[in-house]
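S.K.: Right, I'll just put the structure down here and ask away after.
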Amino acid sequence: MHTIAYLGPEHTFSHLVARRRFPQNRLIPCVSIAEVIAFTESEEDRLGLVPIENSSGGMILETVDLLLEEEQPLFIQEELALRVHLALIGHGGEPPQIVFSHWAPLGHCRRWIEKRFPKVELRVAASTSEAAWLAAKTPRAAALATREAAAATGLSILHYPVEEGIVNLTQFVLLGRKKPSPGGRETSLVFSLPQEPGSLCSFLEVFRTEQINLKRIVSRPVPGQPNTYVFFVSLEGSDEEGPMERALRKVEQRALRCRSLGSYLVQAPYES
C-alpha cells in the first residue's frame, strides 16, 4: 500500500483531498511542496499530492518549478480537484480585527471580508491550518480555513460558506516514480526550445494540426540564464492515442529537451 505525502499540516485542503482519495493509506504531512516531492522521489511505493493551480490565485509556481527541474524523476499519476468552500472561524462575540489565512483564500475573499469588516487587518499564514491556530491564540482574530480546523482549534464557525457565489477550484497533481497506468485522459510535458524566431509557435502548431486542445501553458525562467525559458504544458488526450503519439514524435524533433510527465486520469472534483 502506498504512503501518501501531502502539503500539511493537518486540516488543510490538501489534507482533505488526500483523505478523500486515500482513506485507508498512511498520510504524511510535509511542511513544503519541495519536501513532498523529495519524500516521493526517495522510494517507488511513495506518492505525493501537491496543489498546482487555483482558479482565483493562478498557477502554484513552486510546484511548476520543481516539475521543470531537469533531473526530476516523477510522473503525474492523476489530477484531482477540490471545490473549496471556506469558513470564517473565530472566537465569536465582537467582530474580528484580524483575519489570518493563506494568501490564496485571502485574495479570493478580500472583497467579501472588507465589505463586512472594513477595518480588519489581513495577515498571511503558511496554510489555512496555521491560520486557524494563529487565530485561536490571538484575541479578536478570525481565520479563513476549513470547518475541520475550527473543531481542531476550538474556534466557532462564524460564517459558512464564505463568498459562495464565486467558484473557487483548486487543482492538485498526484506524483510518483512509476509511469501512470494506461487509460489517462490528459498529458503533461516539460520542454525547452531553441532561441530562434517562431520556435514556440512551431512547437504548438503540431498540436493544433492534430486537433489536440491545450489546457494550460506556463513559461518559467531558467536560473542563471537570462531571457531563457522552460515550459510546462498540459494537453487533453492520451499518449496511447494516435493524434498524441504523432504529435509527441514531431515535437521531440523541434525541442532542445522534451519530457513527458505521463498521461493520467483527471478525477471529478471533491466538495469541501
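S.K.: Grab the strands (runs of 3 or more DSSP E) fully contained in the stretch 50-156, keeping just those with 3 or more residues being surrounded by fewer than 16 Cβ atoms within 10 Å (Cβ to Cβ). Step through it out loud before you land on a result.
M.R.: Working: elements: 75-83, 87-90, 98-101, 121-124, 141-145.
Hits in the stretch 50-156: none.
Residues are listed down the side, and each one gets a yes or a no for (1) over 17 Å from the mean Cα position of the chain (by Cα); (2) more than 26 Å from Ala150 (Cβ to Cβ):
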position	(1), (2)
His2	yes, yes
Leu7	no, no
His11	no, no
His15	no, no
Ala18	no, no
Phe22	yes, no
Ile33	no, no
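S.K.: Restricting the search to the stretch 2-33, which residues are open to solvent by 50 Å² or more (accessible area, probe 1.4 Å), outside any strand (DSSP E or B) and of a type outside the set (Lys, Arg)? I'd like the intermediate steps shown before the answer.
M.R.: Initially, the stretch 2-33 is screened for residues open to solvent by 50 Å² or more (accessible area, probe 1.4 Å), giving 2, 9-10, 19-21, 23-24, 26, 29, 31.
Narrowing further to those that are outside any strand (DSSP E or B): 2, 9-10, 19-21, 23-24, 31.
Listed by number, the residues that qualify are His2, Pro9, Glu10, Pro23, Gln24, Val31.
S.K.: Could you tell me whether the stretch 115-131 includes any residue that is under 16 Å from Gln97 (Cα atoms) and in contact (Cβ under 8 Å) with a residue 40 or more places away in the chain?
M.R.: no
The values are calculated or read from the model by the stated rules, or taken from the named source; none is laboratory data. Since the structure is predicted, the reported quantities are computational estimates derived from the model, not experimental observations. Ideal geometry is used to build each Cβ from the backbone, glycine not excepted, and the neighbour counts take in all protein chains shown. Just the protein is used for accessible areas: all its heavy atoms, side chains included, with ligands, DNA and RNA removed. Shrake-Rupley method; radii C 1.70, N 1.55, O 1.52, S 1.80 Å.
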